[in-house]
Amino acid sequence: MAEIKTIGILTSGGDAPGMNAAIRAVTRSAIFNGLKVKGIYRGYKGLITDEIVDFRTQNVSNIIQMGGTILKTARCKEFTTPEGRQLAYEVMRRHEIDALVVIGGDGSLTGARIFANEFNFPIVGLPGTIDNDLFGTDSTIGYDTALNTIMECVDKIRDTATSHERLFFIEVMGRDAGFLALNGAIASGAEAAIIPEISTQVDQLAELIENGFRKSKNSSIVLVAESPVTGGAMALAERVKNEYPSYDVRVSILGHLQRGGSPTAYDRILASRMGAAAIDAIMDDQRNVMIGVRNDEIVYVPFTRAIKEEKHVNPRLLDTLRRLSI
Ligand code: ADP
């Protein structure tokens, strides 16, 4: 296999706090190992349009604490076509990039897998998404920060909810995964979480109301995962108004504020470890793997598994939430 001298790094898809810490770790670790680094702007789009800059250690100074991504991110339709990827590969070769580190979610790693197989060169992925929905890693970069943001928001909403004796539905992100809703509910002492993983099995709303979850309390907070499966907070509130009119119900959709903010210590450390591990993986001739952390150890997860296998919420957490909200 050809010797790797230069790596390219990009962030793609939805942004997540901690991506900058990952960019910093990949860049510094690569330079430490004698590799050259090129920063690719705007994800796969910048690979096609040639927005590529030489990165030195100073390019990543003073960014570990910043949310978002200094490399910017984008969604790129052209990259989903063979012609688009051909263009991307030609630009890559022009810059003498031998391997790529891709930081992104499910979609970005799917693109990475196809690209690497088509042109037979190494790509290492880092799981960067607030949703925590990638198999093979206990946590994704950005998840812990988003969880802390949700907790702070719910704490504030609780103050007003208690004063008015209201039922609040708070919608959080998650893209068909209930990690943020469920753990956010436990962290903020909410009464319940309505998550897509069990929405198809039970009518969670009816169950909540029929159990009289509000009887002994002067306010209630329910976290709802944004998903067509749960219907979202608005739809649930409509149902309550129609079916249980005695409840004074309100909705709060947290939206994009969940993506912002300075990364937590946990996310900075996770991103730093994963970024350094990405370079170890490349030096170790690994290819088409995502870096994960399981039981506090770095693991290499083949792209196919990371993307295709489902990561389940721990059902015991639901039980904990139920017990603690009586
Ligand atoms: P995320 O990485 O956060 O899941 P997206 O699903 O939007 O975000 O994916 C980001 C980008 O990855 C897309 O805009 C596209 O360029 C690329 N991508 C996603 N799916 C594929 C695919 N099946 N083939 C090639 N590229 C893809």
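Just so it is clear, none of the values below were taken in a lab; they were calculated from the coordinates. Owing to the predicted nature of the structure, the values given are computational and were not obtained by experimental measurement. No Cβ is skipped: glycine too gets one built from the backbone with ideal geometry, and neighbour counts run over all protein chains shown.
List of remarks:
- Highest average packing first - 135-147, 249-261, 14-26, Cβ atoms within 10 Å: 14-26, 135-147, 249-261
- Here the Karplus relation 6.51 cos²θ - 1.76 cosθ + 1.60, evaluated at θ = phi - 60°, turns the backbone of segment 309-326 into coupling constants of 7, 8, 9, 9, 6, 6, x, 5, 5, 4, 5, 4, 4, 4, 5, 7, 10, 6 Hz, with x for every Gly and Pro.
- Violating pairs (Cα-Cα greater than 22 angstrom) within the set K5/K308; K5/K38; K36/K308; K45/K72: K5/K308; K36/K308
- Whole-angstrom Cα spans of the chain along principal axes, big to small: 69, 37, 33
- Helix-only CD estimate at 222 nm, as mean residue ellipticity for the chain, using -39500 (n - 2.57) per DSSP H run (n ≥ 4): -13000 deg cm²/dmol
- Estimated FRET transfer efficiency when R0 is 56 angstrom, pair R322-I298 (beta carbons, to 0.05): 0.95
- Ordering T162, G174, M151 by the projection of their Cα atoms onto the charge dipole of segment 145-259, which places +1 on the Cβ of Lys and Arg and -1 on the Cβ of Asp and Glu, puts T162 at the extreme positive end.
- Listed by chain and number, the lysines placed with their C-alpha closer than 29 angstrom to that of K156 are K215, K217, K241; residues fewer than eight positions away on the same chain are left out.
- Amide H contacts of M290: G125, V301, F303, each under 5 Å away and 5 or more positions distant or on a separate chain (H built 1.01 Å from N in the peptide plane; Pro and chain starts excluded).
- Computed lengthening from E118 to E96, 0.36 nm per intervening residue step minus Cα-Cα distance: 6.2 nm
- Diffusion constant of segment 26-166 at 25 °C, which comes from Stokes-Einstein with the Kirkwood Cα-pair radius and 0.890 mPa s, µm²/s: 143 µm²/s
- Potential lengthening of the chain between V229 and I70 amounts to 53.8 nm, from the contour at 0.36 nm per residue minus the alpha-carbon distance.
- Gain in span if fully extended, H312 to T162, counting 0.36 nm per residue against the direct Cα distance: 50.7 nm
- Modelled FRET efficiency - R0 56 Å, E83 with R239, Cβ distances, 0.05 increments: 0.75
- Taking amide H as placed 1.01 Å from N in the peptide plane, E171 has its amide H under 5 Å from the amide H of V224, S252, I253, L254, each at least 5 places away in sequence or on another chain.
- Karplus-derived HN-Hα couplings along segment 141-151 (A = 6.51, B = -1.76, C = 1.60, θ = phi - 60°), whole Hz, x at Gly and Pro: 5, x, 5, 5, 5, 4, 4, 5, 5, 4, 4
- In Hz, Karplus ³J(HN,Hα) per residue of segment 123-131 (6.51, -1.76, 1.60; θ = phi - 60°; x = Gly, Pro): 10, 10, x, 10, x, x, 6, 6, 6
- Residues of the chain were split at every exposed loop site, defined as GluC sites (Glu not before Pro) in a DSSP loop with at most 10 other C-beta atoms within 10 angstrom, and the longest piece left, sites excluded, is 4-309.
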